[in-house]
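The values are calculated or read from the model by the stated rules, or taken from the named source; none is laboratory data. Remember, it's a predicted structure, so these values are computed and weren't measured experimentally. Heads up, the Cβs are rebuilt from the backbone with ideal geometry, glycines too, and the neighbour counts pull from every protein chain shown. Heavy atoms of the whole protein, side chains included, go into the accessibility calculation; ligands, DNA and RNA do not. Shrake-Rupley method; radii C 1.70, N 1.55, O 1.52, S 1.80 Å.
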Amino acid sequence: MIGFLGLRLLRAALTIVLVVSFAFIVLRLSGDPAMTIMSPEAPPEAIAAFRTAWGLDRPVWEQYFSYFGAILQGELGQSMRDGRPAMAVVLERIPATLMLTIPALIVKVGIGVPAGVFAALYRNSWIDRLVMALAVAGFTVPSFVLGLILVLIFAVSLGWLPSGGQDSWRNIILPVITMSLGGAGVLARFTRSAMLEVLGQPYIRTATAKGVPWAAVVRGHALPNAAIPTVTIVGFMVGTLIAGAVVVESVFSWPGVGRLLVVAVANRDLAIVQCILLLVAVTMVTANFIVDLLYGVLDPRLRGTASTGAH
Amino acid sequence: MPAFGVQSSVMENLISIRGLTVAFDGVPALRGIDLDVQPGEAVGLVGESGCGKSVTWLAALGLLPGHAAVGGSVRLGGQELLGAPAQTLDKVRGGRVAMIFQDPASALNPVIRVGRQVEEALRLHRGLTGAAARAEARRLFEQVGIPDPAGRLNSFAHEMSGGQNQRVMIAMALAGRPDLLIADEPTTALDATIQAQILDLLRRVQQDHGMALVLISHDLGVVADLCSKVGVMYAGRMIEDGSADQIFQSPSHPYTRGLLAALPEMIGPRRRLEAIQGAVPNPADMPPGCAFAPRCTQAGSDCDAGTPNLRRVAGGHRAACLRIAA
Ligand SMILES: Nc1ncnc2c1ncn2[C@@H]1O[C@H](COP(=O)(O)OP(=O)(O)OP(=O)(O)O)[C@@H](O)[C@H]1O
Ligand code: SF4
Ligand SMILES: [Mg+2]
């Protein structure tokens, strides 16, 4: 168990290093922040001064190492725009984002998993067909299109819900729906196939053959097995809690991390972009780690050593 | 017509199958099976792969998937099982008729401790819960010869060998104190030495519990060893039945003779030639008359006229072949 945990932690750390390095390389290769921020017409001395101030005049590898050293000390630099600490700028946006992504995750799981289970239980019936048609619709319509359609119907035509702003809980309804439908569709399909796979297993027939009523077979024997693959997908979704709302935040002018990222990229505000990417990497890696731990809880075959008994 | 040649029914049948038919999406798999099992007796069911041995019992217990169309009658005591409500079937399954399967490793739920799986049957059929269920599960593990029974209750299937898993399956089957145990090729997936142990165990629990046993097997030697009555199936029909002695000493149907000739112990240079040529007919494209005709050395044009019914060979011994003198 210790070895298992150690290996996972090592993998998690390595993933973060890779993401951060990748962010560094891409951002340095994609244009000169001094030019973007200062505008090309600025006097050359001013640009040079800017470069020195941000360390952009030093060799790339030196920038890379000092960047890493700084990160290790929790030093994530300042926004090139207003000089405030990047971390503070990013952190203050997180509550707004979570206000959308957490309810969205709940809706995805709350709709997707039961829909998938029912589709599998009533395989080839109209319930199954309806669920699958909705699921395909859910994840084929791009979320900005869906968002705009929902705004047109519920905000513009019917006037039931606001299309932007954030002064009441009603503001989150349209963005959350926009964000959840695709994920609910993916989860429904995935849960359905996991469930069908499990329902075809011999141990399900064993349970029925020993007199377990069907509802209890589904609850007690099928669901715990189908949960194992489904948890992976939910884990991915947890990993996108921080950065998964880029499109929706833009459509609904929601002041979260996603919109901050879009603006920071447009402005070449390196420190902010790096900070967000680091945060995203940490969230995803953490989510993955939790999924791995959950696997161990859900699937005794992955726990490694035998728990009891002599061989 | 009485099945299995029980003319004078001295004993009430425990289970009585009449005209059982099964079709999967319109393709017939069983074409009218008659079969009786009396209390406490051991019946062997043999035949090549795909002839319908498993489907017969899965259909009888309502365990087939939805696309299977089942017809005929299966009576347990006085009770009709085909089309019975779910609550009735849930009481019968595991309570009066238990079933164990070929591959014990996949027949046990991988994420539930084996002890709990046995306790579930004890709760359903004997109302035992908590410590009482645990103690009884432990006793059953002991009875089926699982070493360290108390410890093994907490194991998962993947932590145990195939033979031990099959012992768990047998313990689980015994939990409901059934009148009948269906063992569907219970040793096919196991090593030879373990096979013998499991068969010994089956024989012992059958005798200790006075339980009837249906043993489905490819292995005629095993059936000869354990069973007093034998049914031979071919292409979804019963083509010969009788006492084990009658079937093994004086097989009447050309198919049964072929099966026996193919037995390794009986192979001599001359008999080997009798081993059955050809393959089982496709269920969607059956021969017009006797299903065995394409492979039968004694087939004649009369065999294509219609499907032969079981005819009496001797007391309690019947075979479905036109060459049997009536
Ligand atoms: N779930 C199913 N769906 C479709 N066809 C099936 C199904 N189960 C069994 N069959 C078909 O029914 C026929 C009888 O199968 P069955 O499993 O009873 O054979 P068997 O005699 O038990 O063979 P084996 O010795 O291989 O176990 C076969 O042709 C098989 O293909
Ligand atoms: S009826 Fe004809 S084909 Fe069928 S087993 Fe008898 S002899 Fe062979
Ligand atoms: Mg079978």
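Per 0.36 nm of contour for each residue apart, how much would the distance between A:Leu148 and A:Trp169 grow if the chain were fully extended, relative to their Cα-Cα spacing?
Contour length minus the Cα-Cα distance gives 5.6 nm.
Just to check I understand the Karplus step: with θ = phi - 60° and J = 6.51 cos²θ - 1.76 cosθ + 1.60, what whole-Hz values come out for region A:167-176, glycine and proline as x?
Each residue's phi maps through the Karplus curve to give 9, 8, 5, 5, 5, 7, 4, 5, x, 5 Hz.
Considering the dipole of the protein assembly as shown built from charges on the beta carbon (Lys and Arg +1, Asp and Glu -1) around the Cα centre, which of B:Gly278, B:Ser301, A:Phe236 is farthest to its positive end?
Projecting each Cα onto the dipole axis, the largest value belongs to B:Ser301.
Interface size between chain A and chain B, please: total buried accessible area, 1.4 Å probe, rounded to the nearest 100 Å².
Roughly 2400 Å².
Along Cα→Cβ, 7 Å out, is where each label goes; now give me the distance between the ones at A:Arg301 and A:Ser157 in nm to one decimal.
About 5.0 nm separates the two model spin labels.
Could you tell me what percent of the accessible area of region A:95-255 is made up of carbon and sulfur, with a 1.4 Å probe and every protein chain present?
On the way: 5290 of 7270 Å².
Solvent-exposed carbon and sulfur of region A:95-255 make up 73 percent of the total.
Note down the relative contact order for region A:32-147 as a percent, whole number, built from C-alpha pairs under 8 angstrom at least six residues apart.
Normalised by residue count, the contact order of region A:32-147 is 10 percent.
Please work out the average accessible area per residue across region B:68-145, using the 1.4 Å probe convention, and give it in Å².
Details: 3170 Å² over 78 residues.
Each residue of region B:68-145 exposes 41 Å² on average to a 1.4 Å probe.
Rounded to whole Å and ordered largest first, report the semi-axes of the equivalent ellipsoid of chain A derived from its Cα gyration tensor (root of 5λ).
They are 44, 29, 13 Å, listed from largest to smallest.
Only Cα pairs under 8 Å and at least 6 apart count here; give the relative contact order of chain B as a rounded whole percent.
So the answer I get is 21 percent.
Consider all pairwise Cα distances in region B:107-257 and report the whole-number % of them above 22 Å.
46
Which percent of Cα-Cα pairs in the protein assembly as shown sits in each 20 Å bin, short to long?
Calculated P(r), rounded to whole percents: 16, 35, 25, 17, 7, 1.
Mind listing, in residue-number order, the residues in region A:204-222 that have at least 40 Å² less accessible area with every protein chain present than in their own chain alone (1.4 Å probe)?
A:Arg205, A:Thr206, A:Thr208, A:Ala209, A:Lys210, A:Gly211, A:His221
I need to check one value: relative contact order of region B:181-257, counting alpha carbon pairs closer than 8 Å and at least 6 residues apart, in percent. Walk me through the numbers before you get to the answer.
Values: 71 pairs, mean separation 17.5, N = 77.
It rounds to 23 percent for region B:181-257.
From the convex hull of the Cα coordinates of region A:95-255, what is the mean projected area in square nanometres? Intermediate results must be reported in sequence, preceding the final value.
On the way: hull surface 41.2 nm².
For region A:95-255, the mean projected area of the Cα convex hull comes to 10.3 nm².
What is the mean number of Cβ atoms from other protein chains located within 10 Å of the Cβ atom of each residue in peptide B:99-111, rounded to a whole number?
For peptide B:99-111, the averaged partner shielding equals 5.
Which order do B:Lys91, A:Lys108 take by accessible area at a 1.4 Å probe, largest first?
These residues rank, largest area first, as B:Lys91, A:Lys108.
Give me the accessible area of B:Asp25, 1.4 Å probe, in Å² rounded to the nearest 10.
The value for B:Asp25 is about 120 Å².
Multiplying the sequence separation of B:Glu12 and B:Thr188 by 0.36 nm and subtracting their Cα-Cα distance, what value in nm do you get?
Details: separation 176, 0.36 × 176 = 63.36 nm, distance 3.23 nm.
Extra length available between B:Glu12 and B:Thr188 comes to 60.1 nm.
For chain B, take every pair of Cα atoms, bin their distances at 10 Å starting from 0, and report each bin as a whole percent.
6, 25, 33, 23, 10, 3, 0
Show me, bin by bin at 5 Å from 0, the whole-percent P(r) of region B:20-161 based on Cα pairs.
So the P(r) values, bin by bin, are 2, 8, 15, 17, 17, 15, 13, 9, 4, 1.
For region B:175-253, what percent of Cα pairs sit more than 16 Å apart?
Tail fraction, whole percent: 54.
Can you list the residues of region B:131-164 whose accessible area drops by at least 50 Å² going from the chain on its own to the full set of protein chains, with a 1.4 Å probe?
Residues meeting the cut-off: B:Arg152, B:His158, B:Glu159.
List, by residue number, every residue in region A:283-302 with a reduction of 50 Å² or greater in accessible area between the chain on its own and the complete protein assembly, 1.4 Å probe.
The answer is A:Pro300, A:Arg301.
Return the lysines within reach of B:Lys91: Cα separation strictly under 29 angstrom, same-chain partners fewer than 8 residues apart disregarded; answer none if there are no such residues.
Within the straight-line cut-off, B:Lys91 pairs with A:Lys210, B:Lys53, B:Lys229.
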